[in-house]
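Scroll down for the structure; my scribbles are underneath it.
Please treat every number below as a calculation from the coordinates, not as lab data. It should be emphasised that the depicted structure is a prediction, and the values quoted were computed from it without experimental measurement. Backbone-built Cβ (ideal geometry, glycine too); neighbour counts: all protein chains shown.
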C-alpha cells in the first residue's frame, strides 16, 4: 500500500488497479468520461480524472473527454504528469470555480442583509411594475421574493424539463452528432416523444446512448409537454 498525503486530500494506492482518494477541499462534483464511444469512468471528479489518466496511459484510440455528469459541460483538465500532479490540478480547478462564484456574488452585492441571507442586486423594471410593487405588503423586495418563490414551485416541472433538454442536447451534440438519426432524435427530445427517441437512439454506441438517455429522462416524462 502506498499512502500519499497532501494538504487537501489523501491518496491511498491499495493495488495496481485500486486507488482510494479521501477528499478534503477537492472538487467533488459528479463527472463522467469517454474516449470516443468507450466509457471510462463516472463518479467524483478526482476519481474520474485518475481513471481517465490511467486509461490514457494504457492506450486509447481517441482522446478522452471529461464531462460534468449533470450539465454535460466539458471539464478541461491536463492529464499529464503524476497522479498527485493531476489531483493538484483538480484542486486548483475547484478553487478557481469557488473564487469565480464568490467574485460574482461580491460584484453584485448591494445593500441587502447578508447576515440574513439576503443579497442585494440590481433589477430593471418599467414604471408600472414599480407602482404595483409599491402597493404590496412588505414592500417591493418582499413582493419580489414571494413572486420568485411562487414561480419556483409553479414552474418546477417546466424548469426540470428545460434543463434536461439542455443538458442532454449538449452531450448529444458533443458526442453523437455524427450518428444516424441524430436530428430526428433531437426533435423527439424537444417534443417529449420518448418512444421515438428510444427507437432512433437504439443503434447508437451503447455507452453514449445510455448516458444520453439518462440525461434526457426528465425531458421525456409524460408531463414534459404539459409543463412546457
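What to note about this one:
- Pair residue 131, residue 73: separation of 7 Å Cα→Cβ label points (nm): 4.1 nm
- Per-pair calculated FRET efficiency, R0 = 45 Å: residue 140 and residue 199 via Cβ, rounded to 0.05: 0.30
- Extension gain from residue 183 to residue 155, taking 0.36 nm per residue of separation minus the Cα-Cα distance: 7.3 nm
- According to the Cα-based calculation, Rg over Rh for segment 156-227 is 0.94, with Rh computed by the Kirkwood formula.
- Modelled FRET efficiency - R0 41 Å, residue 39 with residue 82, Cβ distances, 0.05 increments: 0.95
- Residue 30 versus residue 190: modelled label distance in nm, points set 7 Å from Cα along the beta carbon direction: 2.6 nm
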